[in-house]
Amino acid sequence: MPRLFVKRLAILASVLLCAHVGIAQSSLVPTPPMGWNSWNHFFQHVTDADVRAAADAMVANGMRDAGYVYVNIDDGWQGTRRPDGTIQSNDRFPDMKTLADYVHTRGLKLGIYSSPGLKTCAKFEGSYGHEMQDAKTYAAWGIDYLKYDLCSFGDKLTVAGNGDQAAPAAFAAQQEAYRKMHDALVAAGRPIVFSLCQYGMSNVWEWGPEVGGNLWRTTGDISDKYDRMALIGFSQAGLSRYAGPGHWNDPDMLEVGNGGMTLDEYRTHMSLWAILAAPLLAGNDLRHMKPEHLAILENKDAIAIDQDSLGKQGDRVSALGPYELWTKPMSHGRTAIALFNRGELAHTMRVNLRELGISPGAHIRNVWANADLPFSDIINPIIPKHGVVLLLVTR
Ligand code: GLA
């Protein structure tokens with residue numbers, strides 16, 4: 001076949017594919033989205049003032065400049081619908097357009113939350129039957145990101161629990177519901193990141209891009225406890241091939257700074273999310289933050305690993321009991337290596353760097369120690385209980 005013809009065929013195929021998944025939408029997140037979300041700290045009690053304060057804090061404390069851009073309002077903003085069906089915010093959010101302007105003026109973007117069901121998980125108004133109307137309202141307000149959470153949509157159908165397979169009819173209806181909102185967002189004409197939240201049912205990572213998802217939750221909810229965070233994070237092994245520029249696996253928001261984990265555990269959380277190329281959405285109260293928690297969220301190397309332009313998610317290389325080795329391929333031949341100790345005691349982990357393709361002359365940065373490590377074939381760092389050694393290797 002002549003080369004020009006093959007090239008044209010490839011361009012046509014990619015145009016058709018892009019039209020299908022919504023190219024404008026997918027180019028919004030060439031790297032995993034970073035920002036803040038209200039849920040993990042404020043739950044459904046979040047207010048306009050909380051969101052403004054979060055935006056202000058992100059500017060003042062350097063998070064915005066470190067890459068945290070989205071300020072996402074989760075469940076709890078919704079009021080009733082007007083007689084013509086238009087959704088209104090509740091008393092805690094007097095004027096969404098003004099709030100969006102406030103956030104935009106600070107160089108940030110505003111996210112919002114809804115459900116394909118009649119009701120959201122916290123029993124507020126969902127978008128069922130009002131998809132196009134809601135998408136237009138969000139666009140008019142200046143919204144930049146929508147988290148679309150299955151919640152009560154499943155009640156109308158027989159749906160299995162988190163992580164399970166949905167029954168075939170429920171599965172088809174669910175895909176259709178997500179596609180419907182994606183198409184509505186595209187038709188509304190404003191670029192809005194589309195975040196699917198259905199807790200990883202029916203291998204969402206296999207079909208998330210087809211229904212227009214830029215990211216999709218792969219798990220049930222995180223909580224501010226090491227065991228829950230580790231269960232969720234380490235369960236992501238094997239999913240790396242489903243992530244890439246424009247579409248990301250989402251193991252849920254960060255808990256760093258909420259106070260329920262030790263510093264070693266929060267470093268593990270941040271390292272694992274970085275290796276996973278996971279969205280980095282802080283979930284704490286940014287107004288009252290310990291410097292050591294801010295230092296974790298703003299660690300330049302961890303962010304660089306997460307946000308690497310190659311857009312490859314890392315994966316587990318080996319696990320020996322609770323001792324796990326994960327790597328993430330990065331641009332310019334760099335590699336991130338994480339040694340995790342999921343055990344209850346400090347442990348010396350032995351790793352052969354040559355076997356990981358690292359040769360003498362490589363520059364090895366020990367991210368959390370903020371120090372360089374001299375090259376040696378074998379390294380034996382001591383990893384604290386529930387802790388991590390994160391290395392950024394440049395050839
Ligand atoms: C679900 C989601 C959470 C949060 C709440 C809001 O539980 O998984 O992330 O959005 O709903 O009600």
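The values are calculated or read from the model by the stated rules, or taken from the named source; none is laboratory data. Everything numeric here is computed off the predicted structure, so don't read it as measured data. A quick note on method: Cβ atoms are made from the backbone with ideal geometry, for glycine too, and the neighbour counts reach across all protein chains shown.
Examine the stretch 178-200 for a residue that is farther than 21 Å from Glu131 by Cα and free of Cβ contacts under 8 Å to residues at least 40 places away in the same chain, and state whether such a residue exists. Yes, there is a match, as at least one residue in the stretch 178-200 is farther than 21 Å from Glu131 by Cα and free of Cβ contacts under 8 Å to residues at least 40 places away in the same chain.
The set of residues in the stretch 179-218 being assigned to a strand (DSSP E or B) and either modelled with pLDDT under 95 or not aromatic (Phe, Trp, Tyr) (or both) consists of Val193, Ser195, Leu196, Cys197, Leu215, Arg217. Residues in the stretch 344-361 that are buried (at least 17 other Cβ atoms within 10 Å of the Cβ) and in a loop (DSSP other than H, G, I, E, B): Met349, Leu353, Ile358. Every test in (1) buried (at least 18 other Cβ atoms within 10 Å of the Cβ); (2) within 16 Å of the ligand (Cβ to nearest atom); (3) within 15 Å of the chain's Cα centre (by Cα) is passed by Asp224 save one, and that test is (3). Does Lys119 fit the bill of being within 14 Å of the ligand (Cβ to nearest atom), charged (D, E, K, R) and either touching a Cys at 6+ places or on another chain (Cβ under 9 Å) or more than 30 Å from Ser235 (Cα to Cα) (or both)? When the stated conditions are applied, Lys119 passes them. Counting only residues that are in contact (Cβ under 8 Å) with a residue 60 or more places away in the chain, within 19 Å of Arg241 (Cβ to Cβ) and of a type in the set (Lys, Arg), the stretch 315-359 holds 1 of them. Of all the numbered requirements in (1) within 16 Å of the ligand (Cβ to nearest atom); (2) touching a Lys or Arg at 6+ places or on another chain (Cβ under 8 Å); (3) in contact (Cβ under 8 Å) with a residue 24 or more places away in the chain, Asn249 misses one, and that requirement is (2). Screening His104 with (1) away from the ligand (no atom under 14 Å from the Cβ); (2) in contact with a Lys or Arg (Cβ under 7 Å, 6 or more places away or on another chain); (3) within 25 Å of Phe43 (Cα to Cα) gives one miss only, at (2).
All of Ala160, Ala100 fail the test of being modelled with pLDDT of 95 or more and either of a type in the set (A, V, I, L, M, F, W, C) or more than 26 Å from Ala54 (Cα to Cα) (or both), apart from Ala100. Can you confirm whether Asp252 is out of contact with any helix residue (DSSP H, G or I) (no Cβ under 8 Å at 6 or more places or on another chain) and either among the charged types (D, E, K, R) or not in a helix (DSSP H, G or I) (or both)? Answer is no for this residue.
For Gly62, the criteria (1) away from the ligand (no atom under 16 Å from the Cβ); (2) closer than 17 Å to Met289 by Cβ; (3) crowded, with 20+ Cβ neighbours inside 10 Å hold in every case but one, which is (3). Of all residues in the stretch 370-386, those satisfying the criterion of being in a loop (DSSP other than H, G, I, E, B), at pLDDT 95 or above and either buried (at least 16 other Cβ atoms within 10 Å of the Cβ) or out of contact with any strand residue (DSSP E or B) (no Cβ under 8 Å at 6 or more places or on another chain) (or both) are Asn370, Pro381, Pro384, Lys385, His386.
Conditions tested, residue by residue: (1) more than 12 Å from the chain's Cα centre (by Cα); (2) among the hydroxyl-bearing types (Ser, Thr, Tyr); (3) outside the structural domain of Val211 (by TED's automatic domain parsing).
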residue: Leu231; (1), (2), (3): yes, no, no
residue: Phe234; (1), (2), (3): yes, no, no
residue: Trp248; (1), (2), (3): no, no, no
residue: Pro251; (1), (2), (3): no, no, no
residue: Leu263; (1), (2), (3): yes, no, no
residue: Tyr266; (1), (2), (3): yes, yes, no
residue: Ala282; (1), (2), (3): no, no, no
residue: Pro291; (1), (2), (3): yes, no, no
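Of everything in the stretch 110-130 that is buried (at least 22 other Cβ atoms within 10 Å of the Cβ) and not hydroxyl-bearing (Ser, Thr, Tyr), the residue that is farthest from Val46 (Cα to Cα) is Pro116.
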